[in-house]
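Student: Here's a structure for you.
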Ligand code: PHE
């Protein structure tokens, strides 16, 4: 019995020693170590042995199997290193060739602008509050002083889910209520937050409007916050974001959740206010909607409006990003076209 093991070992190792390529290796492995190979064959004979010999024989076959496997791996490594050495010698591998460049991912242009915004607002003491994309009608509208059937609901065409109480937020403003309730400690603590995120509106998609876009909402609530604080804060942001001498102007406007309300323009940073195609020869670019938080909204956030006041604003970073990079069409942003994305 042990003779058959020794004979097999000898034959196998001799055969392995004369192999010089991968095909030979695979054939050898099948012949000796494969499921129907010689070692398996030996295992198969165990049953026909006298009981007393079975254990010892099994052990030996096991040892043989381990030995052959090791020999195989050694031979494989040797053949590979010989091939590499030969190829280097024969010049099949040109080690002076430049390496294949690795493709690196880039940061989405919209994300870049958001990070810049967040950095600036953080320096000015605003904390980031992440609110939700899927909102309740109550938060998106009603608690923001837009009760059902309020005509101003039509200012924002809405995507509803199958549940009419649940929708995709049309602006980041519902986060105002959530932030006041989450951080205001029942209307006893001042807060200063920005709320960045995606918004959705059921609009005709064109080069200038998309059904999804991002906003950065800002909210400050405190005991003595006045309109001058809003104006000063936004002016400071514009200086840090656009240019140290960026001028800002405020135009009266209307939002149900702020009173008074105003829109904010910054002097066109492309022409310096002289007038160009981008600013449509007005010298100004609209950057935000804003206003003093409506007393009803403060109340809905848990604050007593006779003691607390606040300001809020909502900015649209996409437009800024388009202007900065000369992007002509807003549809590129979420089109997932690598030819566009790889430029950033
Ligand atoms: N939510 C408003 C919009 O999307 C912008 C805004 C935010 C206005 C905060 C005032 C205060 O148009």
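The values are calculated or read from the model by the stated rules, or taken from the named source; none is laboratory data. All figures in this text were calculated on a predicted structure; none of them were measured in a lab. Neighbour counts run over all protein chains shown; Cβ positions are idealised from the backbone, glycine included.
Student: If we only count strands (runs of 3 or more DSSP E) wholly inside the range 126-201, which ones have 3 or more residues that are in contact (Cβ under 8 Å) with a residue 24 or more places away in the chain and away from the ligand (no atom under 16 Å from the Cβ)?
Tutor: Filter on the range 126-201 gives an empty set.
Student: Inspect the range 40-56 for any residue being under 27 Å from residue 81 (Cα atoms) and either in a helix (DSSP H, G or I) or without any contact (Cβ under 8 Å) to a residue 60 or more places away in the chain (or both) and give the result as yes or no.
Tutor: Looking only at the range 40-56, we keep the residues that are under 27 Å from residue 81 (Cα atoms), and these are none.
For the range 40-56, residues under 27 Å from residue 81 (Cα atoms) and either in a helix (DSSP H, G or I) or without any contact (Cβ under 8 Å) to a residue 60 or more places away in the chain (or both): absent.
Student: Can you tell me which residues in the range 210-265 are over 26 Å from residue 180 (Cβ atoms) and within 13 Å of the ligand (Cβ to nearest atom)?
Tutor: 251 - this is the single residue of the range 210-265 that is over 26 Å from residue 180 (Cβ atoms) and within 13 Å of the ligand (Cβ to nearest atom).
Student: Can you name the residue in the range 304-327 that is assigned to a helix (DSSP H, G or I) and either on the phi > 0 side of the Ramachandran plot or in contact (Cβ under 8 Å) with a residue 60 or more places away in the chain (or both) and is also surrounded by the fewest Cβ atoms within 10 Å (Cβ to Cβ) among such residues?
Tutor: Within the range 304-327, the match that is surrounded by the fewest Cβ atoms within 10 Å (Cβ to Cβ) is 325.
Student: Among (1) touching a helix residue (DSSP H, G or I) at 6+ places or on another chain (Cβ under 8 Å); (2) at negative phi; (3) at pLDDT 95 or above, there is one condition residue 253 misses while meeting the rest; what is its number?
Tutor: Every listed condition holds for residue 253 apart from (1).
Student: Which residue out of 279, 271 is away from the ligand (no atom under 14 Å from the Cβ), assigned to a loop (DSSP other than H, G, I, E, B) and surrounded by 20 or more Cβ atoms within 10 Å (Cβ to Cβ)? So that I can check it myself, show each step before the final result.
Tutor: On the way: 271 fails: surrounded by 20 or more Cβ atoms within 10 Å (Cβ to Cβ).
Among 279, 271, only 279 is away from the ligand (no atom under 14 Å from the Cβ), assigned to a loop (DSSP other than H, G, I, E, B) and surrounded by 20 or more Cβ atoms within 10 Å (Cβ to Cβ).
Student: Report yes if some residue within the range 196-204 is within 20 Å of residue 123 (Cβ to Cβ) and in contact with a helix residue (DSSP H, G or I) (Cβ under 6 Å, 6 or more places away or on another chain); otherwise report no.
Tutor: Checked against the condition, which is being within 20 Å of residue 123 (Cβ to Cβ) and in contact with a helix residue (DSSP H, G or I) (Cβ under 6 Å, 6 or more places away or on another chain), the range 196-204 yields at least one hit.
Per-residue answers, yes or no, for (1) within 23 Å of the chain's Cα centre (by Cα); (2) closer than 22 Å to residue 117 by Cα; (3) touching a residue at least 40 places away in the same chain (Cβ under 8 Å); (4) not assigned by TED's automatic domain parsing to the domain that holds residue 214:
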residue: 247; (1), (2), (3), (4): no, yes, no, no
residue: 251; (1), (2), (3), (4): no, no, no, no
residue: 258; (1), (2), (3), (4): no, no, yes, no
residue: 290; (1), (2), (3), (4): no, yes, yes, no
residue: 329; (1), (2), (3), (4): yes, yes, yes, no
residue: 333; (1), (2), (3), (4): yes, yes, yes, no
